[in-house]
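Some notes on the structure that comes next.
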Amino acid sequence: MGGTRGWSARRGLLAGARRAVHRRSSRLHLLASVVLLLSAVAISLGVRYQPEWVPPSTFLLLQVVAVFFLRQRMLVVLGVVILALSTWLWFTGAPSMIPGVFVVIGISVVVTLTFGWRRARIGLQGAPGDRMLVDLRDRLSAHGRVPPLPPGWRVDSEIRSAHADAFSGDFMVAVLRGQSLLEIALVDVSGKGQGAGVRSLQLSGAFGGLLGAMPREGFLPAANDYLLDQQWAEGFATAVHVAVDLETGTYWVASAGHPPPLHLHAGAGRIDVVNTVGSPALGVVGDIVCPAQQGRLDPGDVLLLYTDGLVDAPDTDLDRGLDRLMGAADRVLGPRRGGAAAVLAGVAAADDDDRALVLVCRD
């Protein structure tokens, strides 16, 4: 009984906090609406009586500001007010309100309302919408954080988006089972830019949950089933999944349409391609089988996982790209002159595709 009352009290506090946040947000939105509407009136008076200081183009600046602070309904109200004031200026003979300017203001209102409507469709209304995008980007980065590892092990990763966009179609998820089994999945979502970034946001959360819940050999088939269930028009992805026993150094690698990992052997001074048998990419066919290739990381060894943005280019074949990556890894990782960022710099891959590199190192 006491536990029930305690839960009810906590739920009441949370509901009260949500209502307080909502009221504060509503008051701020109302204040912004009033300020922008009064600004529209002030601009129209300036255009009418002080045209040398206030040009009609000031209405365009007002609309740009409004897109980031007003919700869709108030954007419509502001647009109607701006059109009404512009019409008043035209008919009262404001010297700077010529027909061409009036037409441009009308077009800008339509463009502003269309842009606001598209933002509203995905829930990005007003200034909080931009904070939500930042939060989503941070959440995507958080999924790729590797848990603290025992001494002698470390993971270094670099994920870079095409043309330095905010979102990347490449992402990594990681989980540590108990104290000795590290699992990492590196995924390359089809496409690039914002479209791929939106899909990677959704998949990173789902795959992160699957990675911790599924048996090692069941992760890629489960990820494939999840992707098929989404029924996206452009919905495939490639993935490589590695599990490392941090006590023995034994690892298992399975691939779904992904480039093969590389194993740098510190003792022998060579880099081998881990020839995973692989399977079709995720989201293409059902009931995939992803057999695992087993190996062992000895002290000083490094396992490299990467996406095709590092090795695939329009003017070169895949083998040449792979040779370039192996050469950069040998120069940087062999003498321990750097990590993932230095290898990426050595590859010098073009920035027109997403690129990701993950190093699993046994020191």
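For the range 267-363, carbon and sulfur atoms together expose 47% of the accessible surface, with a 1.4 angstrom probe and every protein chain in place. Calculated FRET efficiency, residue 348 to residue 104, Cβ-Cβ distance, R0 = 45 Å: about 0.50 to the nearest 0.05. Once you list every other residue whose beta carbon is under 9 Å from the beta carbon of residue 252, what net charge do they have if Lys and Arg are +1 and Asp and Glu are -1? So the surrounding residues net to -1.
Counting Lys +1, Arg +1, Asp -1, Glu -1, what net charge surrounds residue 289 among other residues with beta carbon under 15 Å of its beta carbon?
On the way: positive: 216; negative: 217, 225, 287.
Local charge sum for residue 289: -2.
Note the full-extension length gain between residue 41 and residue 81 as 0.36 nm times their separation in residues minus their Cα-Cα distance, in nm to one decimal. Additional length available on full extension: 13.6 nm. As a rough guide to protection, the peptides 153-160, 61-68 ranked by mean Cβ packing within 10 Å, highest first, stand as 153-160, 61-68. For the range 174-258, with all protein chains in place and a probe radius of 1.4 Å, 50% of the accessible heavy-atom surface sits on carbon or sulfur. Taking amide H as placed 1.01 Å from N in the peptide plane, residue 296 has its amide H under 5 Å from the amide H of 251, each at least 5 places away in sequence or on another chain.
Over all directions, how big on average is the projection of the convex hull of the alpha-carbon atoms in the range 189-346, in square nanometres? Spelled out: convex hull of the Cα atoms, projected over all directions, averaged, 10.1 nm². The stretch between residue 217 and residue 265 holds 14.7 nm of extra length on full extension. This uses 0.36 nm per residue minus the Cα-Cα distance.
Skip the ligands, DNA and RNA, and give the accessible area per residue of the range 237-363 with a 1.4 Å probe, whole Å². Don't jump to the answer; show the numbers that get you there.
On the way: 5170 Å² over 127 residues.
Ligands and nucleic acids excluded, the figure is 41 Å² per residue.
Any idea what the dipole of the range 157-313 comes to, in debye rounded to 20, about its Cα centre with Lys/Arg Cβ at +1 and Asp/Glu Cβ at -1?
Numbers: 7 positive and 17 negative charges, 21 e Å.
That gives the range 157-313 a dipole magnitude of about 100 debye.
For residue 154, the residues whose modelled amide H falls within less than 5 Å of its own, excluding neighbours fewer than 5 places apart on the same chain, are 361, 363.
The values are calculated or read from the model by the stated rules, or taken from the named source; none is laboratory data. Treat the numbers as computed from the prediction; the structure is a model and nothing was measured. Don't worry about glycine lacking a Cβ; one is built from the backbone with ideal geometry, like all the others, and counts go over all protein chains shown. For the accessible areas, the whole protein counts, side chains as well, though only heavy atoms, and no ligand, DNA or RNA atoms are used. Shrake-Rupley method; radii C 1.70, N 1.55, O 1.52, S 1.80 Å.
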